[in-house]
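Notes to accompany the following structure.
The values are calculated or read from the model by the stated rules, or taken from the named source; none is laboratory data. As the structure is a prediction and not an experimental result, all values here were calculated from the model. All Cβ positions, even for glycine, are placed from backbone atoms using ideal geometry, and neighbour counts span all protein chains on display. Just so you know, the surface numbers come from the protein's heavy atoms only, side chains and all, with ligands and any DNA or RNA stripped out. Shrake-Rupley method; radii C 1.70, N 1.55, O 1.52, S 1.80 Å.
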Amino acid sequence: MAKKTRRKSVEFKPDARSATWLKTMHLTQQQRKRLLKWGLYILMIVLALVIQDVIMSQVSIFGATTELAVCEILLITVIEGTEVGSLFVLIASVLYFYSGTAPNAYSIGLLTFLGIGAAMFRQMYWNRSRGAIVLCAGLAQVLYEIGLFVVGMLMGLTHWGRLGAFLFTGIFSAVIMIPLYPLIYKIGQIGGNTWKE
């Protein structure tokens, strides 16, 4: 009988209770790098929202200014590609709307549709290069501003005389993507790419 109890005690050992939260949430170095990358992306968008609302809203050229947060959202979406970028643009556009800077809820649909469309177009027809990424994101930016204008016209919020201001805002924002690209690209390289072309 003593042999049976000894065998049972060897077979069924209780789990160790020394596991802490940090031990159970162990991240590999690759996962830490990707977490850092997405944290830096978020920090850049928050910084863009602050700069846009505090500084750039005071600067007006031909009645237009830039949309820094939208620039970064579209640029990150095209850099990350359709698989990762589509989820990112959806989440980022919702957060952009709730930040209070977005014109209305329709900006969520516009940003998501144009961001995914720009990333898909770049992946289908052009190689992954600086010019292709900036061009696709810049085109999406201009189309976003035109979309805002069309929706504003349909809702009676603007008039035809404001078309130039919307176009200039899209063009200024697309031009801003050129100096933003190296910084966002460097951040995007942290942890490696999710997909390869």
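Please work out whether the stretch 57-136 counts as rounded, prolate or oblate from its C-alpha gyration tensor, where a ≥ b ≥ c are the square roots of the eigenvalues and a/c under 1.5 means rounded, while otherwise a/b larger than b/c means prolate and anything else oblate?
Numbers: a/c = 2.55, a/b = 1.41, b/c = 1.81.
It comes out oblate by the Cα gyration axes.
Based on the Cβ-Cβ distance of L27 and V94, what FRET efficiency does E = 1/(1 + (r/R0)^6) give at R0 = 30 Å, to the nearest 0.05?
On the way: r = 26 Å, r/R0 = 0.87.
It comes to 0.70.
Could you work out how much longer the chain between S60 and I42 gets when fully extended? Use 0.36 nm per residue separation minus the Cα distance between them, nm to one decimal. Could you put the intermediate results ahead of the total?
Working: separation 18, 0.36 × 18 = 6.48 nm, distance 2.64 nm.
Extra length from S60 to I42 when fully extended: 3.8 nm.
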Cα-projected label distance for L157 with V50, points at 7 Å along beta-carbon direction, nm | 2.7 nm
Under a 1.4 Å probe, what is the accessible area of the stretch 53-197 per residue, stated in Å²?
-> 50 Å²
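Please give the net charge around I51, taking every other residue with its beta carbon less than 14 angstrom from that of I51, where Lys and Arg add +1 and Asp and Glu add -1. Before the final figure, lay out the partial values.
Working: positive: none; negative: D53, E67, E72.
Its environment carries a net charge of -3.
Tell me whether the stretch 66-197 comes out rounded, prolate or oblate; compute the Cα gyration tensor, take square roots of the eigenvalues as a ≥ b ≥ c, and use a/c under 1.5 as the rounded threshold.
prolate
For the stretch 119-197, which trypsin sites (Lys or Arg not before Pro) are both in a DSSP coil and crowded by at most 11 other Cβ atoms within 10 Å? Don't skip to the answer; put the middle values down first.
On the way: sites: R122, R128, R130, R162, K186, K196; in loops: R128, K196.
Answer by residue number: K196.
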Simple label model, 7 Å out from Cα along Cβ direction - L167 to Q189, nm = 3.8 nm
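Place the peptides 96-103, 154-161 in order of packing, highest mean first, counting for every residue the other Cβ atoms within 10 Å and averaging per peptide.
Numbers: 96-103: 15.5, 154-161: 10.2.
With the highest mean Cβ count within 10 Å placed first, the list reads 96-103, 154-161.
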To the nearest Å, what is the center-to-center distance of the stretch 54-71 and the stretch 93-146, using C-alpha atoms only?
-> 17 Å
